[in-house]
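FYI, it's all coordinate maths here, none of it is from the lab. Note that the structure is predicted; figures quoted are calculated from it, not measured. Quick reminder, even Gly has a Cβ in these numbers, built from the backbone with ideal geometry, and neighbours come from all protein chains shown.
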Amino acid sequence: MGIFNKMWAIKNTTTETVDPSDWFTSLIKSRTTTSGEKVTKESALTTSGVYACTDIIASSISKLPIHIYQKDKDGSNRVDNDVSYLLEKRPNLYMTPSIFKHTLTVKLLLDGNTYVWVERRRGKAINLWILNNVQVLQDSTTGEIIYKATLNNKPNTFFSDEIIHIKSLSTDGILGKSKIDILRETIGNMQSSRKLLGNYFKNGTTTSGVITYPSNLNADAKTEIRKQWQENNSGYDNAGKVAVLDLGLEYKEINSLKFTDQQFLESTKFTLEEIARVFKVPLHMINSLDRSTFNNIEQQSLDFYMNTILPLLLQIEEEFNYKLFSSTQREKYFIKFNMEGALRGDSATRSSYYEKMINLGVYSINEVRKLENMNSIGIQGDTHRVDLNHVDIKVANDYQLAKANSKKKGGEIDNE
């Protein structure tokens, strides 16, 4: 659709709001939870579990290299072009690639949606801008999605081919759901528990009680006694001190339910597990090691990359491929994250893996050295070999036939 056709379409389109802008959403969604707490994404990030899960996922994605490859009949080759510069060098004037990927992921996890405007000049992408306060509209006649956002204090309207839209879990395929919304009650309970603990230490580390006096006291006397008692006996610094009462005053403890450290720890642990479950983050990755062993930690880490990170990468790749390339370019190029570094493990695991890949003829020596950020050993390192005394893969069949014929004749083949 040309620019003038797009402008005409905007003026003559009846739209309905699919998703209001962020400020309005925050106002509506920050309603009070059953615990009495209001939960926003800012307050949610003060909960250690939410912060840790968000950061571990975003950091895991931000450190993965992303490249552009050209399709050919022999496989694919990495290429450098205008799009690769944006993804690998500088997405926009203010962000490095790692910050861009990290921010993109954080917004996806907390808001449920990330919107990236592809700024173009003469049809060429020159900047990738992550947008805030985006309003999503849908044409009630054609179903086309339109995005509205403010840039440089000016309202702007974008069509779907101008916006890279990454979505979290979605029930309609148009908008993703925020994990903060899903965890609103859980986070509210955690915020309330923290305040309860704070007030517990602030107002007294023993169960509340009453002070009695044999005769009647006026209101001012009661206020003064309560004030002095609170000052001298409440708070963490006064815990364990001996209270001295004036003649006739008597302190009686109220036999109510006592708040214990164990109850708080159990509540915190349950909340942490709920948050980790929704974010799909293994507990050991957010420093909860109660039921972790070395073996299951290794397996859980692999599961994390395969079941949490990989689906996110796939969606990002698909949206980038569709929005950053024309239909003709998509036949020739594709964008892909490289997960080799994240999955390669320790040196012993990598050595075993590389040995198998070389023996199967999958990797050459130079390809392995490249994965380890080492220089090529020359063209002789490009040869693929298989595990037949490491002969050249091109003569592997001849080697097998010669070996079989030698056995029939009762002789032995020279392995040199």
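Overview of results
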quantity	calculated
Separation in nanometres of the label points that stand 7 Å from Cα toward Cβ, at ALA404 and HIS67	3.8
Summed residue charge, Cβ within 10 Å of ASN321's Cβ, Lys/Arg positive, Asp/Glu negative	0
Per-pair calculated FRET efficiency, R0 = 41 Å: ASP303 and SER160 via Cβ, rounded to 0.05	0.75
Two-site label geometry, SER326 and LYS370: point separation in nm, points 7 Å out along Cα→Cβ	2.9
Inter-label distance, nm, simple model (7 Å from Cα along the C-beta direction), ASP172/ASN296	4.1
For the stretch 142-183, the Rg and Dmax computed from alpha carbons only, in angstrom	12.9, 35
Cleavage-rule hits (chymotrypsin sites (Phe, Trp or Tyr not before Pro)) in the stretch 56-150: DSSP loop, at most 14 neighbouring Cβ within 10 angstrom	TYR94
